[in-house]
Amino acid sequence: MTVKTSIPLVNLQRQAQTYRDAFQASFTALLNKADFIGGASVEQFEKAFAQYCGAQYCVGVGNGTDALYLIFKALGLKPGDEVITCTMSFIATAEIFAPLGVKVVFADIDPLTYTLDATQVARLITEKTKALLPVHLYGQPADLAALQQLANQHGLFLIEDAAQAHGAEFAGQRIGSWGQAAAFSFYPGKNLGAFGDGGGITTNDPELAHKIRMLANHGRLTKYEHAVEGVNSRLDTIQASILLTKLGHLDAWNARRNEIAAFYNNALSDLPDLKLPQLGANRTHVFHLYVVQTTQRDALLQFLNGQGIQAAIHYPIPLHLQPAFAYLGYQPGAFPHAETLSQQCLSLPICPELTLSEAEEVVRVFKAFFESESRH
Ligand SMILES: *Cc1c(COP(=O)(O)O)cnc(C)c1O
């Protein structure tokens, strides 16, 4: 029996080992202080992350989903209001609206960048539309210039789902500072990930930052005096200290992700029936995921997995066809670009810790599939 190599999609273990001493120092400091909620680490991280994004404020919260929810709750959207977002995303992007009584309206992706198609958004804007919510999918910013223009023209909020794109830029400006607010996730596998759940909101609006901070902490004014009904969604002290340590490496990690993507792009460029990631005008990519498109996706996925390469699918079902959103009444065929992508997309292993020889192994197995296909 041959021992199969195993290359995970994301190698969190290797990152934990590499920076073990720094992480352990964070744990020791926490144990010494026994200060588990709030405190200096949270404040320091919020300040550093806001600065990193070129935003005035950052509010740490419990996770990326809460970050989205709290933004829309704080903006005061009312039952019957509509928000336009992208059907190709993780469910968190859209599942936050029903509890607010807000109706989510889906739009298709631009087939080049896989992000919200601004032309289609323009046609979906109605009297009821209150906000646009682009998703910087796989690490590539949506067309923020076009979306901001639409938002300004129609008096809409522009909110970024930035959960997959920490550090990416549009027109030379970091994401997280474009519209009224941006939601970040620090889920462990994200480009900047905690040791558990974590999230953050960046904004340039001091009132909005204040309101979100209050809502995330039980609507609290002072201890045991509560202005409104809020929730409990704070960024843990230990997560903030881990994130603060990691933030110093984020640019180097994103650069490494780009190197790996360039290696894949080059090595896979001459294969038939294979669409590689494309970069839209005026932006940088941080390759949270490296996603290719092929009509032979399912067979290729099985082949790679069988050879110990952990490829995956992001995402197999676009949001408008999810059972959870059946009540919205969308039918198959509504958003052809997203539907095609969901049937043909395949994510290859990528993370800053992936070695060149591992990337070569991924390419070798990948090519072996196409060679065996062409012999049939
Ligand atoms: C991860 C993710 C979220 C939610 O973040 P959590 O921290 O897991 O709640 C939201 N939107 C997108 C696009 C994501 O990838």
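Read-outs throughout are calculated quantities, based only on the coordinates presented, and are distinct from any laboratory measurement. Since this is a predicted model, take the numbers as computed values, not measurements. Glycine also receives a Cβ, built like all others from the backbone with ideal geometry; neighbour counts cover every protein chain displayed.
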To the nearest whole percent, what portion of all C-alpha pairs in the stretch 289-375 is separated by more than 19 angstrom?
47
Calculate one ³J(HN,Hα) per residue across the stretch 53-60 by plugging θ = phi - 60° into the Karplus curve 6.51 cos²θ - 1.76 cosθ + 1.60, and present them in order as whole Hz with x for glycine and proline.
7, x, 10, 6, 10, 9, 10, x
Relative contact order of the stretch 1-159 (C-alpha contacts under 8 Å, at least 6 apart) in percent is 15
What is the chain's relative contact order, in percent, from Cα pairs under 8 angstrom and six or more apart in sequence?
22
Within the stretch 148-255, which GluC sites (Glu not before Pro) sit in a loop by DSSP and count at most 15 neighbouring Cβ atoms inside 10 Å?
Glu229
Of all chymotrypsin sites (Phe, Trp or Tyr not before Pro) in the stretch 7-37, which ones are in loop regions per DSSP and have a Cβ with at most 11 other Cβ atoms within 10 Å?
Phe36
At what distance in nm do the modelled label points of Asn282 and Phe27 sit from each other, each positioned 7 Å from its Cα along Cα→Cβ?
4.7
Taking the alpha-carbon centre of each part, the distance from the stretch 291-327 to the stretch 14-54 in Å is 35
One computes Rg over Rh for the stretch 232-376 from alpha-carbon atoms, with the Kirkwood Rh, and obtains 1.04
For the stretch 1-97 the trypsin sites (Lys or Arg not before Pro) that pass both the DSSP coil test and the at-most-12 other-Cβ-within-10 Å test are Lys4
With a ≥ b ≥ c the root eigenvalues of the C-alpha gyration tensor of the stretch 162-236, is it rounded (a/c under 1.5), prolate (a/b larger than b/c) or oblate?
oblate
So what is Rg over Rh here for the chain, counting just Cα atoms and using Kirkwood for Rh?
0.98
Between Phe36 and Gln331, what length in nm is gained on full extension when 0.36 nm per residue of separation is reduced by their alpha carbon distance?
101.5 nm
Beyond 24 Å (Cα-Cα) in this structure, taken from Lys190/Lys367; Lys130/Lys275; Lys103/Lys275; Lys73/Lys130; Lys33/Lys190, we find Lys190/Lys367; Lys130/Lys275; Lys103/Lys275; Lys33/Lys190
Along each principal axis, Cα extent of the stretch 1-106, largest first, Å:
53, 51, 27
For a test of the definition: using alpha carbon positions, the gyration tensor, and the 1.5 limit on a/c, classify the stretch 23-69 as rounded, prolate or oblate.
prolate
If you plug each phi of the stretch 360-371 into the Karplus form 6.51 cos²θ - 1.76 cosθ + 1.60 with θ = phi - 60°, what whole-Hz ³J(HN,Hα) values come out, in order, with x for Gly and Pro?
5, 5, 4, 5, 4, 5, 4, 5, 4, 4, 5, 5
For Ile309, what residues show an amide H to amide H distance below 5 Å, using hydrogens built from the backbone and excluding near sequence neighbours?
Ile7
Per residue, what volume in Å³ does the Cα convex hull of the stretch 242-287 take up?
92
So what's the back-of-envelope 222 nm ellipticity for the chain, counting only DSSP H runs of four-plus at -39500 (n - 2.57) apiece and dividing by all residues, rounded to 500?
-12000 deg cm²/dmol
Where both partners of a DSSP beta bridge lie in the chain, what percent of those bridges are antiparallel, to the nearest 5?
60
Amide H to amide H, which residues 5 or more places from Phe157 or on other chains are under 5 Å from it, using H placed in the peptide plane?
Ala131, Leu132
